[in-house]
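What follows is a set of notes on a single structure, which appears directly below.
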Amino acid sequence: MSTQVLPEQDTRPEGTEASDDDAPEVFHYVRKNKIAESAVTGAYVVALCGEVFPVTKQAKPGSPVCPDCKRIFENLPSGGEE
């Protein structure tokens, strides 16, 4: 009895570009208490701009920020969390 290794197959639908870097184009502002929950459970979060997604990456300093989230955040009154 012998074992064979099958060749690697690309199973993505036509038109899907391959990428070794799956980093988001921009990062969004999300409530701090929802980030860890989403990262652990896979629950979806809602960004300030309305984008809905599960948290899969952590932004590093200098990462590009969603312009809509940034504008909304800058116009929020200063203060603590709700």
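List of remarks:
- If you go through segment 50-82 and keep only what is exposed (fewer than 12 other Cβ atoms within 10 Å of the Cβ) and part of a strand (DSSP E or B), you end up with Val52, Pro54.
- A Cβ distance below 7 Å, combined with a sequence gap of six or more or placement on separate chains, defines the contacts here; from segment 24-53, residues that are under 13 Å from Lys70 (Cα atoms) reach residues that are surrounded by 17 or more Cβ atoms within 10 Å (Cβ to Cβ) and hydroxyl-bearing (Ser, Thr, Tyr) in the pairs Ala47/Tyr29; Leu48/Tyr29.
- Some residue of segment 28-40 being loosely packed, with under 11 Cβ neighbours inside 10 Å, at pLDDT below 95 and assigned to a loop (DSSP other than H, G, I, E, B): no
The values are calculated or read from the model by the stated rules, or taken from the named source; none is laboratory data. The structure presented is a predicted model; accordingly, all values stated were derived computationally and were not measured. Cβ coordinates were reconstructed from backbone atoms using ideal geometry, including for glycine residues, and neighbour counts include every protein chain displayed.
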